[in-house]
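One structure is given here, and the rest of the page talks about it.
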Amino acid sequence: LFWTWDDWKLLDDATVIMRDDTIKAEFSKKDLTTMEELPSAELTITDKDGKEIDRWVSTDKPHYIEKLPAGDYTLTEVKAPDGYAFAESVPFTVLPTGEVQRFEMLDDVIKMEISKVDITTNKELPGAELILTNKDGKVVEHWTSTDKPHYIEKLPIGKYTLKEEQAP
């Protein structure tokens, strides 16, 4: 660790007391679009040998760790929140300093486009009534096709069925 003269105290003109500071690290899991903390992601920290050091579920506040030894680590998302894609693992280095070191991982929402196209022209076909249901049969989206693909965000990972209710 690095010390300043303020960390030293002289006693009886012969004894010196030095106060060591601890290593502090803060880990944020954020939404890529809003840059706000993103709850419900399960995250792990592993050391350079792959040994798990810590595991937690993100909240609306950063995760704080004290006394994490200096060295190289990897932050990994084990479970992404519903509607979000998994982020790539983030390698990081903890330095031997008493200042709070901040690290972040960003998640983007799952984005999907669904097209209804004419088989002969391969162009968008307006006027088809379409329904997207989840594995339990619950309607997730219901729309009528236009001259542009239908765009959906934050669709949870899973199996879905696309059904044409009415042809144009």
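The values are calculated or read from the model by the stated rules, or taken from the named source; none is laboratory data. None of these values were measured; they are calculated from a predicted model. With ideal geometry, Cβ positions are generated from the backbone for all residues, glycine too; neighbour counts draw on all protein chains shown. Calculation scope for accessible area: heavy atoms of the full protein, side chains included, ligands and nucleic acids excluded. Shrake-Rupley method; radii C 1.70, N 1.55, O 1.52, S 1.80 Å.
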*Please give the number of the condition Lys67 fails out of (1) open to solvent by less than 20 Å² (accessible area, probe 1.4 Å); (2) modelled with pLDDT under 95.*
(1)
*Can Val117 be described as open to solvent by less than 40 Å² (accessible area, probe 1.4 Å), hydrophobic (A, V, I, L, M, F, W, C) and either closer than 16 Å to Lys30 by Cβ or without any contact (Cβ under 8 Å) to a residue 40 or more places away in the chain (or both)?*
no
*Taking the condition under 23 Å from Ile152 (Cα atoms), among the acidic types (Asp, Glu) and either at pLDDT below 95 or open to solvent by 60 Å² or more (accessible area, probe 1.4 Å) (or both), does Asp6 pass?*
no
*Look through region 72-110, keep the residues that are of a type in the set (Gly, Ala, Ser) and within 27 Å of Leu155 (Cα to Cα), and return whichever of them is most open to solvent (accessible area, probe 1.4 Å).*
Ser89
*What is the residue count in region 50-79 for residues that are part of a loop (DSSP other than H, G, I, E, B) and within 15 Å of Val90 (Cα to Cα)?*
1
*Taking region 128-157 as the search range and keeping residues that are part of a strand (DSSP E or B) and open to solvent by 70 Å² or more (accessible area, probe 1.4 Å), which one is nearest to Ile110 (Cα to Cα)?*
Glu153
